[in-house]
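Okay, structure first, notes after.
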Amino acid sequence: MKDNIVAIATPLGFSAIGVIRLSGPDVIDIVKKIFIPKKEKDLKEVLSHTIHYGNIVYKNEIIDEVLVAVYKAPKSYTGEDMVEIFTHGSPIILEEILKILVEEGARIAERGEFTKRAFLNGKVDLLQAESINEIIRAESKIALKRALSKLKGELSRKLRDLKSKVEYLRIYLEASIDFPEDVEEKEKEDWIRNIEEIKKEVSDLLEKAEKGDWIREGYGVILVGRPNVGKSSLFNALMREDRAIVTPIPGTTRDYIEGELYLSSGHLVKIYDTAGLGIPKDILDKMGMERTEKILEKSNLILFVVDGSCEASEEEINLLEKIKSYQNKKLILVVNKIDLPQKVDLSVFPKDIEKIFVSAKERKGIEEIEKVIERHITSQDVEDGIFLNMYHREKLKEVYNLCEEGLNVLKNLPQSLDVLGDIIYDMDRAFGEILGEEVSLDITDKIFENFCVGK
Ligand code: GDP
Ligand code: ZN
């Protein structure tokens, strides 16, 4: 990492100011070549975290009047020397200065390279590095809050805690192998308890990660039901705009339509209007239904819509039964068209399903639906949702599986204590990989620290 990187840090377009950012060992020298401060001074000599006013001058031409901020290693975002140039927010000026800086020896930074350097220089761990991106991309207040907590290292601390528990087990095991004895029943119980505990905490984290998914991407609410019950009309009523096509011909919504809704609590909700589920009439219909099943999978709440002005069909009742048993999604029965004379016999539907009565046409009960969605969201503690990418999730699942393996091994003790060693070792490594740290443990030292040899 001996080279110097540069990038425009603000979005391209016309704005009040633009920021160009540099990081690397020679960035102050590079900027010095083109920056003429108003007050005679040497940028190399100034204090870290100071701002200086002057002109960017290239080939005797003033490019812009700017402010230059200097941050010196190691107390900077990346841990290297850094400079930020605050220009007027013209894309032409920004591009021009960028070009000049490259001519003077800087290289255009890759995506995320500043943060990557911060990670490689030990300023943040892998999870924190990731959270920086999540903060920038947060689409709701709650998502932002969760990303900020990740940056503060709450998740990292939790994982480090777990890792040290595993490390402790590893040390304990090494010592037991060095001083072989029969494993006593008491000891076996301790092992089982310890591994059960790790398994429980890992599965909690995975559950919270699922919550994190919808905090980040929106709480998924899907409208399903047979054609013509009024799903698209309800969708429109919820979105307060005419986005879905509403027609009296069944099967208009062949594909699905997605709409975003912000609840007053600051939660992002994604609402899906889908093709009616039932027996497909043609190939297009069939494709629509397959899509519906995909969305069903990623939704958190299912609104099963029926038409109160008709009797329920056999097919509809079966469909509801099928959906009810689908994974463990929250399900609500929405009885639509209450403005018309009611013919539906609600006793044909399962008794234990929550019901809401609405009229999409007259916009009755729409707020009721919103309240129910809100209640379902807030009944879960969103404060503990966490953001995990696929990589980290896979690693945690790996640990979870290793725990199960370990528990199996323990059932067959005493013969296989060293098999357990491999499992514990793999767990430790997996946590190290999550945090992005090398497993640099001096096991013998640790054994000495934690154990008395006279055991
Ligand atoms: P979808 O196939 O389930 O999406 O149903 P649509 O939203 O396309 O509606 C089908 C028909 O029912 C249309 O003619 C709507 O105008 C009508 N409709 C929808 N909601 C209501 C309602 O609350 N009351 C009445 N009277 N008609 C409705
Ligand atoms: Zn529709």
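The values are calculated or read from the model by the stated rules, or taken from the named source; none is laboratory data. Just so you know, these numbers come straight off a predicted model, no measurement behind them. As a convention, Cβ positions derive from the backbone with ideal geometry for all residues, glycine included, and neighbour counts pool all protein chains shown.
For segment 42-65, a residue qualifies if it is loosely packed, with under 12 Cβ neighbours inside 10 Å and farther than 23 Å from residue 16 by Cα, and the qualifying residues are 42, 44, 45, 47, 59, 60.
Rundown of residues vs (1) of a type in the set (Gly, Ala, Ser); (2) part of a loop (DSSP other than H, G, I, E, B); (3) touching a residue at least 24 places away in the same chain (Cβ under 8 Å), yes/no style:
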position: 119; (1), (2), (3): no, no, yes
position: 122; (1), (2), (3): yes, yes, yes
position: 130; (1), (2), (3): no, no, yes
position: 133; (1), (2), (3): no, no, no
position: 136; (1), (2), (3): no, no, no
position: 142; (1), (2), (3): no, no, yes
position: 148; (1), (2), (3): no, no, no
position: 157; (1), (2), (3): no, no, no
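A single entry from 236, 228 fulfils the requirement of being of a type outside the set (Val, Ile, Thr), in contact with a Pro (Cβ under 9 Å, 6 or more places away or on another chain), assigned by TED's automatic domain parsing to the domain that holds residue 275 and modelled with pLDDT of 90 or more: 228.
Could you run through segment 34-81 and say how many residues are hydroxyl-bearing (Ser, Thr, Tyr), in contact (Cβ under 8 Å) with a residue 40 or more places away in the chain and touching a strand residue (DSSP E or B) at 6+ places or on another chain (Cβ under 8 Å)?
Taking segment 34-81 as the starting set, the residues that turn out to be hydroxyl-bearing (Ser, Thr, Tyr) are 48, 50, 53, 58, 71, 76-78.
Filter once more, keeping what is in contact (Cβ under 8 Å) with a residue 40 or more places away in the chain: 58, 76-78.
Then keep just the ones that are touching a strand residue (DSSP E or B) at 6+ places or on another chain (Cβ under 8 Å); that gives 76-78.
Residues in segment 34-81 being hydroxyl-bearing (Ser, Thr, Tyr), in contact (Cβ under 8 Å) with a residue 40 or more places away in the chain and touching a strand residue (DSSP E or B) at 6+ places or on another chain (Cβ under 8 Å): 3 in total.
The requirement of being at pLDDT below 75, surrounded by fewer than 21 Cβ atoms within 10 Å (Cβ to Cβ), closer than 22 Å to residue 343 by Cβ and more than 10 Å from ligand 2 (Cβ to nearest atom) is fulfilled nowhere in segment 286-306; no residue meets it.
Applying the set (1) in a helix (DSSP H, G or I); (2) over 30 Å from residue 130 (Cβ atoms); (3) at pLDDT 90 or above; (4) aliphatic (A, V, I, L, M) to residue 223 leaves exactly one unmet item: (1). Being in a strand (DSSP E or B) and within 16 Å of ligand 1 (Cβ to nearest atom), is that true of even one residue in segment 362-385? Yes.
Scanning segment 227-239 for residues that are near ligand 1 (Cβ under 8 Å from one of its atoms) and either buried (at least 22 other Cβ atoms within 10 Å of the Cβ) or under 15 Å from residue 367 (Cα atoms) (or both) gives 229, 230, 231, 232, 233, 234, 235, 236.
Every condition in (1) out of contact with any strand residue (DSSP E or B) (no Cβ under 7 Å at 6 or more places or on another chain); (2) more than 28 Å from residue 380 (Cα to Cα) is met by residue 316 except one, and the failing one is (1). The C-beta contact set for segment 346-372 (first residue surrounded by 13 or more Cβ atoms within 10 Å (Cβ to Cβ) and among the polar types (S, T, N, Q), second residue part of a strand (DSSP E or B) and at pLDDT 90 or above, distance under 9 angstrom, 6+ apart or interchain) comprises 359/336.
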